[in-house]
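Just below is one structure, and these are the notes that go with it.
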Amino acid sequence: MKAKELKLLRKTIEKADRLENPLTQLCGREYGNYSLLKSKDNADDAFHLVLPKNVSTGEAQESNLANCDSKNNSNVVTDNKELQQQQLEMSSALTIRSFKTWQAIKPSHLFHDMLDLFQENMATLYEQSSWGLNLEEKKEELQHRKARFLILTTTSTTPPLSSTETHDNDRETCASSSSSPSLSSSSLAAFCHYRFEYDDDQYPTCAALYLYEIQVSKTFQSLGIGKCLMELLRGMAQQASMFKILLTVFHSNQQAMKFYQRLGYLVDESSPSHDDKQENGEKVDYEILSKKV
């Protein structure tokens, strides 16, 4: 890339990094099944994700079944009507905030909650990968100077629920029931960690929004929140004049892979699977996916 083109890319990213709250320009639109609305109190740049009244329990159950194993589906429908109704009520009371740095996250305990949610959802996949699980490295990644966040929290206290799902980086699969804790106004429902970066540090060709992490709490899975967040990120990437969105996904995380493929993500040209000279001749256990915005 020529020096002049590289300078333009650098300016684009620097301008994107100066964005204070990209959600402001996205307010009043629909993202998946949810509408993004400004908080009435307008006190702390909070927004609400509102589930339209015409989304029924039956539709949520249908969404659940589309992401679950085909075995025993009839039992899932029969046993979880009350659970689905509770989940729908909770999903219509979500607050979303954008944070430019990890230090700005409030309440401050949410930062530690993000690490806990990552560990809950992803520990097994990382332990089985060539990367291994290193929570201290993950903490440092979240504390990177360019790290930005979307954080969803509940806006009211809710009773405990029994969960029938597990979730790994938006992986939605049926599993045995387990108890979930009571949720308060500051309880973490989901989060995204992203940055505005070059698509490749060594040989950059464009500016990109790189999604480092998207995690949804078990209680809020199969309600379209993952898709909603991905559409919000796409809107933010467009607003920041990014060329594409990049993300990394393990080969072993097939549910996540299918989720991103349904949203139109493809294997990026920078993905290691395109490299014929992989280290030690071994296959890498992840792909880099991308989608132009």
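The values are calculated or read from the model by the stated rules, or taken from the named source; none is laboratory data. Since the model is a prediction, treat every value here as computed from it, not as a measurement. Positions of Cβ are generated from backbone atoms using ideal geometry, with glycine treated the same way; all protein chains shown enter the neighbour counts. Just the protein is used for accessible areas: all its heavy atoms, side chains included, with ligands, DNA and RNA removed. Shrake-Rupley method; radii C 1.70, N 1.55, O 1.52, S 1.80 Å.
Laid out as a table, the results:
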{"quantity": "Order of exposure, largest accessible area first, which applies to 97, 18 with probe 1.4 Å", "calculated": "18, 97"}
{"quantity": "Entries in 11/291; 258/292; 218/244; 7/292; 146/291 that, when Cα-Cα distance is taken, lie over 26 Å", "calculated": "218/244"}
{"quantity": "Net charge contributed by nearby residues that have their C-beta within less than 13 Å of residue 49 (K/R +1, D/E -1)", "calculated": "+2"}
{"quantity": "Highest average packing first - 220-233, 126-139, Cβ atoms within 10 Å", "calculated": "220-233, 126-139"}
{"quantity": "Solvent-accessible area of residue 216 with every protein chain in place, 1.4 Å probe, in Å² to the nearest 10", "calculated": "0 Å²"}
{"quantity": "Sequence of 241, 35 from largest to smallest accessible area, 1.4 Å probe", "calculated": "241, 35"}
